[in-house]
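For reference, the structure discussed in these notes is given below.
No lab work stands behind these numbers, since they all come straight from the coordinates. Since the model is a prediction, treat every value here as computed from it, not as a measurement. Quick reminder, even Gly has a Cβ in these numbers, built from the backbone with ideal geometry, and neighbours come from all protein chains shown.
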Amino acid sequence: MIHARIAAIGLLLAPAGCEPSRQQPADLVEAGASPNARILPAPLANEAPDLLDASTVEASAKLVSDDYGRLIMSEASQQSPLPLAPATPLPDDALSARELSGVTLGAAFRWRDVPQPPKAPEVAAAGVHAAQRLTDLSWKVDLTETGRMRVQFTSRALPLPPGSELRARHDVYGEILLWPASAQYRVVPPGALRTLLGERRVDVTPLSAGSARPVGEGKRLEVDVRKVEVHASLGALYLELGRMPEAGDGGPLLCRALLEILGVDPKSPECVAGEVPLYASYAWQSGGGGVAFEVTSAVRRTDLLSTDLLMPPPSSAYTAAGLPSAQGGVFLTRDELAAIRTDPLPLPASVDPGAPGEGFVAVNQTDALYYLLVDGIPAVAVPPMSERYVAGPQRGRYVVQWRTFLGESIDPPQTVEMPARLVRSGADAGAAGGD
């Protein structure tokens, strides 16, 4: 007879270490931290496991909840989470309707080596700042004490459109991707989060155990943090893990996701209950580029609705292929792009026969998803071997830059005259990279 019991929440802290001494210190500690980061208090109150398919979930790991919203599962499923199978729909979620405790995070990805607009009288600072706000690479993350995570894509400029979601729970490895309005969902197995975010593909990256070492302690958002470096074949990750008991078993879910982007197995002992990653900085082995992830606000909650955390939601239809539409990958309207200049410059007509009458054509001749930044603003994401027309920029001089979302490739900025045809060729790959 199988006896159910409540999953315990571990309260573990790794030992403190000395200040970091890294092979690429600038890459790992390069902060990009927002001066406006804050925490808002709420009112008080290496054998690979078998893949998790639908029959396994129903037979041995189906979750129910006690009267306090804590997850209860069979003893067989408590030994270790099982990886989600890549092309298998999930059974109905058994989490009952109630309010749960946890934290809500505001967070954003921070790009390195972003060029600034040219210093010229026709540059409209207000228009540039407005466009930067509209394209901030932001997430909203809900983490529950009982081991649930909901990531909402809240930016126009992420690889997946606003309204998309990632959901995870502590008894399985991997996530599901929800379409906006929860119309459909797709399983994202362990190892596929890197390609999903970086390339808009669900392809599994091989995972390794990696190696970690403590590099000190400190504070972020008025929270005590322990600092850790994690190294793997793809690169290195500097993490600041904040002590937030309210997050319970939800904290490790965000930690797992960030490690998975590095190619590290989510079974890593660095992800423990009661800790939340508040800052992460990646330094890639190939190309020397990187990207950071920063939590800018954290709110303690006692009113998170379990119905918003179901995996999958009952209204979602399973799909084994495809991704939510990115609507062409152009992030700003014609008027929003026109507003980054006060007036057009009286430049001679372009001699490039491929240039449009206004704006620009972005051409990606590589096999990777590339972003094109205009004056440091994400303007468009161009799929492999594709091109996109972007209207709006007035005639004039602009600083442009090609880069991948996760920063594996960061091209040097260039000053161009628009209208223009801007090409990122495959031959550029050898010269590209972070400084």
- A correct fewest-to-most ranking of Ile410, Ile176, Ile340 by other Cβ atoms within 10 Å would be Ile176, Ile410, Ile340
- Query: Can you list the residues, at least 5 places off or on another chain, whose amide H is less than 5 Å from the amide H of Ser96, using H built in the peptide plane?
  - Reply: Ser65
- Note on the structure: Sorted by chain and number, the residues with a modelled amide H under 5 Å from that of Glu217, at a separation of 5 or more or across chains, are Gly17, Lys227
- Query: Can you run phi through the Karplus equation (6.51, -1.76, 1.60; θ = phi - 60°) for segment 314-327 and list ³J(HN,Hα) in whole Hz, with x for Gly and Pro?
  - Reply: x, 7, 8, 8, 6, 9, 8, 8, x, 9, x, 5, 8, 6
- Task: Could you go through segment 418-425 in sequence order and give the Karplus-derived ³J(HN,Hα) for each residue, using 6.51 cos²θ - 1.76 cosθ + 1.60 with θ = phi - 60°, rounded to whole Hz, and x for Gly and Pro?
- Result: 10, x, 7, 10, 10, 10, 9, 8
- Query: Where does each of 111-118, 81-88 land if you order them by average Cβ count within 10 Å, highest first?
  - Reply: 81-88, 111-118
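In which sequence would His129, His231 go, from the one with the fewest C-beta neighbours within 10 Å to the one with the most? Could you put the intermediate results ahead of the total?
Values: His129 12, His231 19.
Sorted ascending by nearby Cβ count, the order is His129, His231.
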- Note on the structure: In terms of the alpha carbon gyration tensor, root eigenvalues a ≥ b ≥ c, rounded if a/c is under 1.5 and otherwise prolate when a/b exceeds b/c or oblate, segment 262-322 is oblate
- Query: How long is the gain from Ala181 to Val299 if the chain were fully straight, where each residue apart is worth 0.36 nm and the alpha carbon distance is subtracted?
  - Reply: 40.0 nm
- Counting other C-beta atoms within 10 Å, which of Met418, Met311 has the fewest, and how do the rest follow? Met311, Met418
- What is the gain in length, in nm to one decimal, between Ala349 and Ala125 on full extension, counting 0.36 nm per residue of separation less the C-alpha to C-alpha distance? 78.0 nm
- Where nothing but the Cβ of Lys and Arg (+1) and of Asp and Glu (-1) is charged, how large is the charge dipole of segment 328-430 around its Cα centre, in debye to the nearest 20? 100
- By how many nm would the segment from Arg98 to Ala391 grow when fully extended, if each residue of separation counts as 0.36 nm and the alpha-carbon distance is taken off? 100.7 nm
- Message: How large is log10 of I(q)/I(0) for segment 328-430 at q = 0.20 Å⁻¹ when the intensity is taken from the Debye formula with one equal scatterer per alpha-carbon?
- Response: -1.00
